[in-house]
Amino acid sequence: MSDDEDDIVLSKLDDAQLVLQMHDDIYDGLGDEIIEGTQILLQRGWTPFDVLTKALVEGMGVVGVDFRDGILFVPEVLQSANAMKAGMSILRPLLAASDAPRMGKMVIGTVKGDIHDIGKNLVGMMMEGAGFEVVDIGINIDAEAYLAALEEHKPDILGMSALLTTTMPYMKVVIDSLKTKGIRHDYIVLVGGAPLSEEFALSVGADAYCRDAAIAVDIAKSFMARQQGAAIAVLDA
Amino acid sequence: MSAPRPVLLIGCGALAREISWAITRGGWPNMELVCLPADLHNRPQDIPGAMKARIRAAKETGKYSKILAIYGDCGTGGALDAVLAAEGAGRIAGAHCYEFYTGSRAFTALNDEEAGSFYLTDYLVRFFDRLVIEGLGLERYPHLKDEYFRNYKRVVYLAQSDDAALRKKARQAASRLGLDYVYRHTGFGGLESYLAAAGTPPEEEKDDLRKT
């Protein structure tokens, strides 16, 4: 049997098969196939939001679970993320122009002294995939720059990342700056990074520790729902 | 008189050679060394559990006067120290081996000078291919190099030995990653002084020795 006979022709798959195939292609980090699959679904009349959530985010969700379970490792996750990014590059402008639901807005950056951004970028991508507007302010960010970004972008959520034991305490510096300015409770503060823990997050005054990108999305959604619930309660009172 | 009970050092496998040399050079016969696998360097979340198991096994023998971890925090975010505190074991100070080789003040200065510094020690230079290239999956996905290293500016080789072959290999590693190269000779740094303090018998044992 020739290799050609093994090739799957994406355009010949029905929608359900194609979505499952795209989940596999994200898992295998096949960016070209994701671009092709994304274009096919759009041509078939799918909304950009449905392509994003059902084909890309669900596919990346499987990757996240297998990473958490120690089946996949960082290189494979990066391959998958790059495949998802390839699809998102097509969807992003379409989503911006559409009336897709907006979950909230997040400013995210890696703290001062730390230049690691792989985890931060994954969180940003997954948050975007979940319908959040994400403003990534980069790496090696000091308290003044975080505050300036909060002032400028007025997000719901502040996300801080650190990979080093030596840099993670800087998160407290940022949170203390928020307290000093009396704006701590204006934001949901989420923190993440390999050496962090739930205890650490609470000790520095963050709202929650996000163990990985998928969990960050779940936590962010849950905080946003609570916030919206509280707002509705105030209106009802 | 019975010989003082030995001190058990539980070290990172990446430090085995240097710890052994320091023990030999210091002439501390009452020290025993065991190591956890060096590749935990890439899986720091597994260090506390592995350390706890090793300490428990050592305690069961009833053989050691004390147990010391020759580890930095190594990205465990304090989880290693929590295990050591619970088990009554000590640890050399420092966030990682780069820091205790270099000394805290000098290491902070290096990092302040350039946050995008990727550190190598003798061990990491020697096993660069296995721990860095294969450890990060770069032999399978070479294009991920930019993803991992795009924010780094330089490789800093913190050398324990004075070895021209290792210096050459470190320079090649920097070039392979597309980064500048900086060389600093640290020797054993704080490792040696920590072991010297640990190798000195406690006062009561010295008294026992004097009485005999």
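The values are calculated or read from the model by the stated rules, or taken from the named source; none is laboratory data. Since the structure is predicted, the reported quantities are computational estimates derived from the model, not experimental observations. Note that each Cβ is placed from the backbone with ideal geometry, even for glycine, and that neighbours are counted across all protein chains shown. These area figures cover heavy atoms from the full protein model, side chains too; ligands, DNA and RNA do not enter into them. Shrake-Rupley method; radii C 1.70, N 1.55, O 1.52, S 1.80 Å.
When each of B:Y157, B:Y152 is tested for being open to solvent by less than 50 Å² (accessible area, probe 1.4 Å), away from chain A (no Cβ under 12 Å), without any contact (Cβ under 8 Å) to a residue 60 or more places away in the chain and not acidic (D, E), the lone residue that passes is B:Y157. Look at (1) among the charged types (D, E, K, R); (2) in contact (Cβ under 8 Å) with a residue 60 or more places away in the chain; (3) buried (at least 18 other Cβ atoms within 10 Å of the Cβ) and you find that A:K221 fails only one, number (3). Would you mind stating whether B:R43 is over 21 Å from A:V74 (Cα atoms), out of contact with any His (no Cβ under 9 Å at 6 or more places or on another chain) and either open to solvent by 10 Å² or more (accessible area, probe 1.4 Å) or not charged (D, E, K, R) (or both)? It is false that B:R43 is over 21 Å from A:V74 (Cα atoms), out of contact with any His (no Cβ under 9 Å at 6 or more places or on another chain) and either open to solvent by 10 Å² or more (accessible area, probe 1.4 Å) or not charged (D, E, K, R) (or both).
Here is a yes/no grid of residues against (1) over 13 Å from B:L191 (Cα atoms); (2) basic (K, R):
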position	(1), (2)
B:L15	no, no
B:L40	yes, no
B:Q45	yes, no
B:K52	yes, yes
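B:L84 fulfils the conditions (1) in contact with a Gly (Cβ under 8 Å, 6 or more places away or on another chain); (2) of a type outside the set (D, E); (3) within 14 Å of another protein chain (Cβ to nearest Cβ) except for a single criterion, (3). When residues in the range B:46-78 are screened for being away from chain A (no Cβ under 14 Å) and within 30 Å of A:V74 (Cα to Cα), 8 of them pass.
Can we say B:R54 is of a type in the set (D, E, K, R) and over 19 Å from B:L195 (Cα atoms)? Yes; evaluated as a whole, the condition is true for this residue. Within the range A:117-158, the set of residues being in contact (Cβ under 8 Å) with a residue 60 or more places away in the chain and of a type outside the set (D, E, K, R) comprises A:G119, A:L122, A:V123, A:M125, A:M126, A:M127, A:G129, A:A130, A:G131, A:F132, A:I157. Filtering the range B:58-90 to residues that are closer than 15 Å to B:V34 by Cβ, open to solvent by 50 Å² or more (accessible area, probe 1.4 Å) and free of Cβ contacts under 8 Å to residues at least 40 places away in the same chain leaves B:K59, B:E60, B:T61.
For every residue, the table says whether it meets (1) in contact with a Cys (Cβ under 8 Å, 6 or more places away or on another chain); (2) away from every other protein chain (no Cβ under 14 Å).
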| position | (1), (2) |
| --- | --- |
| A:L164 | no, no |
| A:K172 | no, no |
| A:G182 | no, yes |
| A:Y187 | no, yes |
| A:G192 | yes, no |
| A:E198 | no, no |
| A:S203 | no, no |
| A:A216 | yes, yes |
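The residue that is nearest to A:M168 (Cα to Cα), counting only those in the range A:77-127 that are open to solvent by less than 40 Å² (accessible area, probe 1.4 Å), of a type outside the set (A, V, I, L, M) and more than 13 Å from chain B (Cβ to nearest Cβ), is A:G124.
Might you check whether a residue that is part of a helix (DSSP H, G or I), of a type in the set (G, A, S) and within 14 Å of chain A (Cβ to nearest Cβ) occurs anywhere in the range B:107-116? Yes: one or more hits. The one condition from (1) open to solvent by less than 70 Å² (accessible area, probe 1.4 Å); (2) within 14 Å of chain A (Cβ to nearest Cβ) that B:D146 does not meet is (1).
Please work out if B:S117 is of a type in the set (S, T, Y), in contact with an Asp or Glu (Cβ under 6 Å, 6 or more places away or on another chain) and on the phi < 0 side of the Ramachandran plot. Spelling it out, it is not the case that B:S117 is of a type in the set (S, T, Y), in contact with an Asp or Glu (Cβ under 6 Å, 6 or more places away or on another chain) and on the phi < 0 side of the Ramachandran plot. Comparison of B:L120, B:L131 shows that the only residue that is more than 11 Å from every other protein chain (Cβ to nearest Cβ) and under 19 Å from A:P75 (Cα atoms) is B:L131.
Return the residues of the range B:88-105 that are of a type in the set (A, V, I, L, M) and within 14 Å of chain A (Cβ to nearest Cβ); say none if nothing qualifies. Matches in the range B:88-105: B:A93, B:A95.
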